[in-house]
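See below for the structure under consideration.
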Amino acid sequence: MEALERISSLGSDRDQVYQEILAAKTDISELTPDDLILRDLKFENGVPFIGFPILVKDFLTLEGALRAVEKFTESRKCILAVLMGLALKNDHVTRDIAVFSLLTNGLENKIINALLGSTQPQLELTLEKRIKEEKYNVFLYKQGNIRASRKQILPIIRETLSKERAC
C-alpha cells in the first residue's frame, strides 16, 4: 500500500480519495428507478435479485419506483423479485431486503419464511413495512446481520427455489 501511495502521491489524502470514490459509487442522482433496477441485477432460477447502492426503503420513496419494479417483473414473466439494499455512510453499513410479489402466492411465503428462519447465516430480519396493492405485495425487512451479503443470501433462496418454479 505504501508503494502505491508513493507512486500515486496520495499520501495523507487517502481518506479523502476513499470518500470521493465511495460518493461516486453511491451517487444515484442521475439514475431513474428503471436504471437502478438494471444497475446490479442477477437472476437465480428465474428470480431477479436486484441490488441497490441505497436502502430498499429509500428506493421505494423514489417517484415511480414501485411501478418500475412491477413493470420489470411483469415484463420478465416473473411472479416475484428480491430487492437488496445497502447503505454505507461514515463507514457504517446498513442493509435491508424486500420481497416484491405479483399477487399473493405460495412462493412468496416460502421465500420469506426461508429468510426469516435462516440460521446459516441468521439474517436478523425485522419487518419494517408491508405494502399491499391490488396487483402486488411488498414485504420490507431491516437486516440486522449486516455481514450477510447477497453471496450468503442467495443459497437460502436457491434452496427454496429448487423446490419450486418461480417464473
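Relative to the Cα centre, the charge distribution of segment 45-167, modelled as +1 at Lys and Arg Cβ and -1 at Asp and Glu Cβ, gives a dipole magnitude of about 240 debye.
Please check: in the Gaussian network model of the chain (C-alpha springs, under 10 Å), which one of Pro155, Pro33, Pro48 has the largest mean-square fluctuation. Ranking Pro155, Pro33, Pro48 by mean-square fluctuation puts Pro155 first.
Computed over the chain with a Gaussian network model linking Cα atoms closer than 10 Å, the most mobile of Arg95, Arg67, Arg14 is Arg14.
Listed cross-link partners Lys25/Lys77; Lys25/Lys163; Lys25/Lys132; Lys89/Lys163; Lys25/Lys110; Lys135/Lys163 are compared with a 27 Å cut-off, the Cα-Cα value being larger for Lys25/Lys77; Lys25/Lys163; Lys25/Lys132; Lys89/Lys163; Lys25/Lys110. Between segment 73-118 and segment 131-167, how many Å separate their Cα centres? One Cα centre to the other: 4 Å. Going from the residue with the fewest nearby Cβ atoms within 10 Å to the one with the most, Ser118, Ser149, Ser29 rank Ser29, Ser149, Ser118.
Rank Glu124, Glu30, Glu133 by mean-square fluctuation in a GNM of the chain with C-alpha springs under 10 angstrom and give only the top-ranked residue. Maximum among the listed residues: Glu30. Pairwise Cα separations in the chain fall into 5 Å bins from 0 onward with the following percentages, short to long: 1, 8, 17, 20, 19, 13, 8, 5, 4, 3, 2, 0.
Computed from the coordinates by the stated procedures, all read-outs in this text should not be read as laboratory data. Fair warning: this is a prediction, and the values are worked out from it, not measured in the lab. Positions of Cβ are backbone-derived with ideal geometry, glycine not excepted, and every protein chain shown enters the neighbour counts.
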